[in-house]
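Undergrad: Just dropping this structure here.
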Amino acid sequence: MVNQDLFRRVARFAVVGGTVMVFFSALNWFFGQWLGRQAAFLVSYPPAIVLHFCLNKWWTFGCQRTDAVRQLGEYLVMVVVTFVLQWAVFTVLSAWTPLSGWLAAAMANAAQMIVTFVIMQRKVFAGVPVG
């Protein structure tokens, strides 16, 4: 039997991911009217990361810890690590399989999401700070 709390967290994590994707896309559209594509992407990324951090901290994981600076540092390290993982999986799948680019990207994103959820649950937003 699947733990109800775990199921709820995974469902909320998925909702947060979709919400942040829409927010990020909307910001890209908004800034893209005045900035170039690359600049709009870069300007939109930090607010999307902040929204992702906040929604996951307080809604997905219900984290009440007060060491937000430490959590934010751990979160940012996790973002970099999981991006590198996602890029590596995409690169390997692109080089070693006949998968189309979009499917390789989707599979790499799925791997990244699983690792992100585990790290956030066990480290970044765990009930008691580790260390």
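Undergrad: Here's a check for you: in segment 16-39, which residue that is β-branched (Val, Ile, Thr) and either in contact (Cβ under 8 Å) with a residue 12 or more places away in the chain or assigned by TED's automatic domain parsing to the domain that holds Ala110 (or both) is nearest to Thr60 (Cα to Cα)?
TA: The extreme case among them is Val16.
Conditions tested, residue by residue: (1) outside the structural domain of Asp5 (by TED's automatic domain parsing); (2) surrounded by 15 or more Cβ atoms within 10 Å (Cβ to Cβ); (3) within 22 Å of Asp5 (Cα to Cα); (4) touching a Cys at 6+ places or on another chain (Cβ under 8 Å).
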position	(1), (2), (3), (4)
Phe41	no, yes, no, no
Leu55	no, yes, yes, no
Ala95	yes, no, no, no
Trp102	yes, no, no, no
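Undergrad: Do you know which residues across segment 40-69 are of a type outside the set (Ser, Thr, Tyr), in a helix (DSSP H, G or I) and touching a residue at least 60 places away in the same chain (Cβ under 8 Å)? Let's see the steps before the verdict.
TA: Step one: list which residues in segment 40-69 are of a type outside the set (Ser, Thr, Tyr), which gives 40-43, 46-59, 61-65, 67-69.
Subsequent filtering for residues that are in a helix (DSSP H, G or I) retains 40-43, 46-59, 68-69.
Across segment 40-69, the qualifying residues are Asn56, Lys57.
The values are calculated or read from the model by the stated rules, or taken from the named source; none is laboratory data. Everything quoted here is computed from the prediction, not taken from an experiment. Cβ coordinates were reconstructed from backbone atoms using ideal geometry, including for glycine residues, and neighbour counts include every protein chain displayed.
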